[in-house]
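Just below is one structure, and these are the notes that go with it.
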């Protein structure tokens, strides 16, 4: 048995282990004696998932192209870290990564569950069982028959060969896997009719989920920004939305759990939110991997095999119907305690904040699902434009920002003295007004565009940043562990401020450059200075060299946007283009080749790829024998779309075909496809009517390996002000989340070490460890 | 207390109303070539690239081509920028835009290319937008 066969076997073993664990844990809820066996079964599942993942990594590192997956996503010339990351670059690998993290996180979870262990682990193991079962249907360990083993792999998609892309999937899949934890605990709570006890266990894990999912989203956004070349970090793509929606729900859940711990309310909605996270991601998985959205997404989807897709659907239905059904069944016995006591109270602010988050999640989900919904309702598939997400979500984003700015100065219950409250918020409020007026004046004098919505958003974001910063400043000395939330809120304000500024005040300049031509852009004289490796083979890290010389005495630099051909599939060389980002403290200069990062137009004088030919002549070019029969003119002389075609008789491997590459006036062209790959084109400015001669240009031919030496480069430069605020904000968000997570894990450990100190009614009794709102007590 | 709830409910209702309007304004239906030709609003139309019709005009920065839908209907499309990547190898193109006279002006085109992973049923989309 070879390694890949062991892999297949281990997957089956894992599926069996997880199914057994599900049954045994469920039994253990009634008969405690089974618990030992349940744990053993779960250990077997973990061992199998980890081993299977290890085997896939090993196969990728060994470049074992006998395995279909490895041949499809890896190649022997990759550095070790990209061989490693090809283990999760494909469909099967990413499911295995998901299963791997689910299994491993279970080990962390099981130690903290105590009396919750049997029921929680039964549910949790069942999710792992589903994942392992999907992997039996969509196995990463399929092998080629020995006679068909390819000598080399297809290589990792060059866009994925990026530092950020190497760590994005492992991070975000911890988040996806951990969505199962609040779900499982909530089911156990509903079954046990324990409306408060689950909160303390779930809390740190929910924050873990928030941090990892959030970090994954951020890394993905940063990757898109630095490699894709369209200039943004968030595109409301279905794949992005399917992670954003559960993340927003989890964000709401964290706040709900805080309210429940402090004020003993929101029992029903917390259980509901905990039950929604995982099924929402299962739905996203279905949406993005079934091909249902294939028309409206730009992500590369390989539709799942039928059996595996069926299991994804079964998983979605099981946990949605099961979770919601159980919640509805228990709804009347879950306590419903009113908490909000006044307009100026944390209780109300938290509730409104949670509602805003859930509504943003819901509206985003509806937008992303529109192709499916419209097909069901109107029998005609429709998709929403990106601006839907901005318009629909804006009111709730504004409300959320306003709340984030007010919360540091609110206490639980209600503010007794409105005057004191107003006095407290006056500092950040006036500061915001001053900044707002300054921005408004500046916009007026600099003739910047103005939009009320964007201005309002930036104002609210500034208010949020300032008022939370005041609180963080106070807490930093006194109780740094409790400042996590406020730090995160500063981050949210910064991200939204930076996103609004960099998108709304973005300026763009475009130019077509060629040898000896210059263009002026944003105070720089820009010229094309060749390729970085003009003599290298295609497929090596070539980049376009663009000289940026400052016209006003500033710093000059050379931009090197990546541009080369990936030739792992020699029949279909593929263009790879990545932007160059010139970083400045206040702005980014985003330099991309062509629209959306593609499209250097190659024209070469290289004799190996050009062929001057006269009418009536027959010449050879590689394996082609070409006779230039005659010109063919279409359209009227003088009109822009008049075209001149060269009628060619091409003989290739004994077969004759006629083809007509055409030159269109105004230097457009229509190439003709050659048999055997590649194409041939002619250009208007190279047609010599007197000599009756044209120059044939050959592109993308097999074996054509050097970069063209004569190019026209479409350069697109975008100036994006304040984009650094986005990155700073994301760092603060993760830092804040990390602090909160540490605090909650520490609390959970402490509570579990002294079980006697915590009576059963956790929610009813404000605990000693819980402080009143620090902002209010700030004067102490 | 009541006031707080009324305020919240009022705000949420208003927000949802605006979201509904946004949905109506921004929804773009997928249509056939015949429907696209008659349409007066923004639509998305899908079809095969008619072989040999692709024209990249570097000076005007335009991409022009014909698509043919499942019924064999053809539609001339202008994309006001040079499309990236291998449009010529596209097996299927989705154009999002509006009719202007007899041509369809696509502000965005998505194209599905036969993937480099040949032999497997993999497809991928590339995107070009204004």
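Each part gets one Cα centre, and for the range A:127-149 versus the range A:340-416 those centres are 41 Å apart.
Taking every C-alpha pair closer than 8 Å and separated by at least 6 residues, the mean separation divided by the residue count of the range A:1-50 gives a relative contact order of 45 percent. Taking 7 Å steps out from each Cα toward its Cβ at residue A:481 and residue A:529 produces label points 5.5 nm apart.
The protection proxy used here, the mean number of other Cβ atoms lying within 10 Å of each residue, ranks peptides A:113-126, A:322-335 as follows, highest first: A:113-126, A:322-335. In this label model, residue A:647 and residue A:443 are separated by 6.3 nm, measuring between points 7 Å along each Cα→Cβ vector.
When you count the other C-beta atoms within 10 angstrom of each residue and take the mean per peptide, A:218-229, A:24-35 line up highest first as A:218-229, A:24-35. Each Cα pair under 8 Å and six or more residues apart adds its separation to the average, and for chain A the resulting relative contact order is 11 percent. Sorted ascending by nearby beta carbons within 10 Å, beginning with the fewest, A:505, A:286 become A:505, A:286. With contacts taken as Cα pairs under 8 Å at a separation of at least 6 residues, the range A:114-207 carries a relative contact order of 46 percent. If R0 is 41 Å, the Cβ-Cβ spacing of residue A:328 and residue A:40 corresponds to a FRET efficiency of close to 0.70. Counting Cβ atoms of other protein chains within 10 Å of each residue's Cβ and taking the mean over peptide B:27-34 gives 4. Taking the number of Cβ atoms within 10 Å of each Cβ as an exposure proxy, the fewest-first ranking of A:731, B:27 is A:731, B:27. Here the extension length gained between residue A:32 and residue A:614 equals 200.4 nm, from 0.36 nm per residue of separation less the Cα-Cα distance.
Neighbour counts of C-beta atoms inside 10 Å place A:528, A:69, A:81 in the sequence A:81, A:528, A:69, starting with the fewest. Using the Cα gyration tensor of chain A, with a ≥ b ≥ c the square roots of its eigenvalues, what is the shape: rounded (a/c below 1.5), prolate (a/b larger than b/c) or oblate (neither)? In terms of gyration-tensor shape, oblate. Across peptide A:266-279, the mean count of Cβ atoms from other chains lying within 10 Å of each residue's own Cβ comes to 0. Rounded if a/c is under 1.5, else prolate if a/b is larger than b/c, else oblate: which is the range A:1-134, with a ≥ b ≥ c the root eigenvalues of its Cα gyration tensor? Judged from the Cα gyration tensor, the range A:1-134 comes out prolate (a/c at least 1.5, a/b above b/c).
Look at the stretch A:381-394: the mean tally of other chain Cβ atoms within 10 Å of its residues' Cβ atoms is 6. Taking packing as the residue-averaged number of other Cβ atoms within 10 angstrom, the listed peptides B:18-25, A:129-136, A:380-387, A:38-45 run from highest to lowest as A:129-136, A:38-45, A:380-387, B:18-25. Counted residue by residue at 0.36 nm each, then reduced by the alpha carbon distance between them, the extension gain from residue A:378 to residue A:111 reaches 91.1 nm. I need the shape label for the range A:357-490. Rule: rounded when a/c is under 1.5, else prolate if a/b > b/c, else oblate, with a, b, c from the alpha carbon gyration tensor. It is oblate, given that a/c is not under 1.5 and a/b is not larger than b/c. Spin-label pair residue A:518-residue A:585: with each label point 7 Å from Cα along the Cα-Cβ axis, the two points sit 2.9 nm from one another. With a Förster radius of 30 Å applied to the C-beta separation of residue A:655 and residue A:691, the computed FRET efficiency comes to 0.50.
Subtracting the Cα-Cα distance of residue A:167 and residue A:450 from their residue separation scaled by 0.36 nm leaves 98.0 nm. Taking the helices alone, chain A has a mean residue ellipticity at 222 nm of -18000 deg cm²/dmol, built from -39,500 (n - 2.57) per DSSP H run of at least 4 residues and averaged over all its residues.
Every number here is computed from the coordinates shown, using simple stated rules; none is lab data. Everything numeric here is computed off the predicted structure, so don't read it as measured data. Neighbour counts are summed over all protein chains in view; Cβ atoms, including those assigned to glycine, are modelled from backbone coordinates with ideal geometry.
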